[in-house]
Every structure is written in C-alpha cells, then in structure tokens.
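This report concerns only the one structure given below.
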Amino acid sequence: MADIFSMISDGILNVLNTIFNPILAMDPNPHNPALTVLVIAFIVSLITTIANKYLVDQDKLNERQQKSKEFQKKFREAQQRGDGKEIAKLQAEQTEMLKDQNEMMMDSFKPMFVTFVPIILIFFWMRTSAIHDLVLILPAPAYWLTLTPFWHFIGQFLYGGKATIPYGIGWLLWYMICTFGMSQILRKFLGFKQGF
C-alpha cells in the first residue's frame with residue numbers, strides 16, 4: 001500500500017516539477033525564491049478569482065446580502081421598539097431568510113470545489129521544492145503588521161523548532177501575504193462589487 005502511495009505521489013510531483021520548475025529556474029535567486037512564490041500566488045489568486053467570477057452569480061449574492069442586512073436591521077428596530085406584532089411577522093419570514101442564507105453559502109462554496117485540488121497540489125509541490133527553505137526578511141513595521149511573532153509562536157507550538165532569523169518569515173506566510181494582496185487587486189480588476 002505504501003508503495004502505491006509513493007508511486008502516485010512521485011508521479012504527481014514529477015508533473016508538478018515539469019510545470020513549476022521553469023518558473024523556479026527563472027527566479028533571480030533560486031535558492032531563496034521569493035519571486036517564484038509571488039508568481040505562484042498570482043496564479044492561484046487568478047484561478048480562484050476567475051472561479052468566483054464565473055461560478056457565483058455576484059449580483060444575486062449582493063442582492064441576498066443586502067436583503068439579509070435589511071432584515072436584520074428591521075428585526076433589531078422592532079426589538080428596540082418592543083413591537084411584538086412586527087417581531088412575530090419577521091420571525092415568520094425568518095425561515096425564508098435562513099433558506100436564502102443557506103443557498104448563498106452553498107453558492108459561495110462552488111468555487112472551492114473546483115479550486116481545492118489544484119491548490120492542494122500546488123502546496124504539495126511548494127512544500128517539497130526549494131521554496132520550502134525560503135526565508136524572507138521583512139522590514140520591522142511589516143513584520144509586526146503581519147503579526148509574524150504570533151505565527152512564529154503558533155509554529156513553534158505546533159511543530160517545535162525556533163525562529164532564529166530576526167524579522168524573517170518562511171514561504172507559507174510570504175505566500176499568504178502575496179495571495180491576499182493579489183486577490184484584492186484581481187477582484188477590483190475583474191469588477192467585484194465587494195471586498196473579500
């Protein structure tokens with residue numbers, strides 16, 4: 001059984017190496033490939049943003065969110081006034097609102113079903129490639145703004161080891177910073193009406 005798993009993972013890794021090693025080779029510093037992580041973050045952000053754009057009806061999602069906000073506002077106002085009739089009426093509508101919210105949540109999961117496997121494979125490749133050894137030194141303000149000491153503490157707690165390079169971050173935190181920034185830029189570029 002272990003041999004089959006090993007063969008499959010080696011085969012997947014070979015395919016991923018064929019795809020991503022050329023990107024890694026173009027990095028000006030292939031032994032500390034921060035630029036490669038930035039490019040991969042862009043690719044992943046583009047895939048997920050496009051999936052969100054075409055698999056989720058953004059207008060319908062915005063309409064449902066607005067409807068939900070209005071319902072919550074009416075409900076709070078009725079509670080503050082102590083209007084029992086209005087509260088009872090709104091509670092009767094609440095079942096429909098919950099159904100709407102469940103549909104909205106299921107719609108927002110559609111892109112994840114499409115992007116989950118490719119992203120897991122990309123992470124698998126990054127974890128086994130030279131990217132795994134990436135150390136990037138952040139300026140002190142960025143180090144504190146990204147809550148890096150907290151993430152170092154969590155990493156030490158979960159995995160042991162110790163952060164020895166002052167203001168240094170590894171590939172995963174650098175990837176998350178890049179992905180967050182790229183996603184916001186791409187969402188604006190593709191005309192999303194809301195942030196995250």
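The values are calculated or read from the model by the stated rules, or taken from the named source; none is laboratory data. Note that the structure is predicted; figures quoted are calculated from it, not measured. Note that each Cβ is placed from the backbone with ideal geometry, even for glycine, and that neighbours are counted across all protein chains shown. Just so you know, the surface numbers come from the protein's heavy atoms only, side chains and all, with ligands and any DNA or RNA stripped out. Shrake-Rupley method; radii C 1.70, N 1.55, O 1.52, S 1.80 Å.
For region 16-27, which positions are more than 18 Å from Gly170 (Cα to Cα) and either open to solvent by 20 Å² or more (accessible area, probe 1.4 Å) or over 22 Å from the mean Cα position of the chain (by Cα) (or both)?
Result: Asn17, Thr18, Ile19, Asn21, Pro22, Ile23, Ala25, Met26.
Can you tell me which residue is farthest from Asp57 (Cα to Cα) among those in region 155-173 that are open to solvent by less than 50 Å² (accessible area, probe 1.4 Å) and modelled with pLDDT of 75 or more?
Here the residue is Gly168.
Taking Ile137 as the residue in question, decide whether it is touching a residue at least 24 places away in the same chain (Cβ under 8 Å), of a type in the set (A, V, I, L, M, F, W, C) and either open to solvent by 80 Å² or more (accessible area, probe 1.4 Å) or touching a strand residue (DSSP E or B) at 6+ places or on another chain (Cβ under 6 Å) (or both).
When the stated conditions are applied, Ile137 passes them.
Just one of the numbered conditions (1) over 24 Å from the mean Cα position of the chain (by Cα); (2) open to solvent by 90 Å² or more (accessible area, probe 1.4 Å) is not true of Glu63; which one?
(1)
Quick grid of which residues meet (1) part of a strand (DSSP E or B); (2) of a type in the set (Asp, Glu); (3) farther than 28 Å from Asn62 by Cβ; (4) touching a Phe, Trp or Tyr at 6+ places or on another chain (Cβ under 9 Å):
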{"position": "Asp107", "(1), (2), (3), (4)": "no, yes, no, no"}
{"position": "Pro111", "(1), (2), (3), (4)": "no, no, no, yes"}
{"position": "Phe116", "(1), (2), (3), (4)": "no, no, no, no"}
{"position": "Ile131", "(1), (2), (3), (4)": "no, no, yes, yes"}
{"position": "Pro149", "(1), (2), (3), (4)": "no, no, yes, yes"}
{"position": "His152", "(1), (2), (3), (4)": "no, no, yes, no"}
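Restricting the first residue to region 58-78 and requiring it to be in contact (Cβ under 8 Å) with a residue 40 or more places away in the chain, which pairs with a second residue that is open to solvent by less than 40 Å² (accessible area, probe 1.4 Å) meet a Cβ separation below 7 Å and a spacing of at least six or different chains?
Taking only residues 6 or more apart or on different chains, the pairs are Gln58/Phe192; Leu61/Met104; Leu61/Asp107; Arg64/Asp100; Arg64/Met104.
Considering every residue within region 80-95, establish whether at least one is at pLDDT below 85, farther than 21 Å from Val56 by Cβ and open to solvent by less than 40 Å² (accessible area, probe 1.4 Å).
yes
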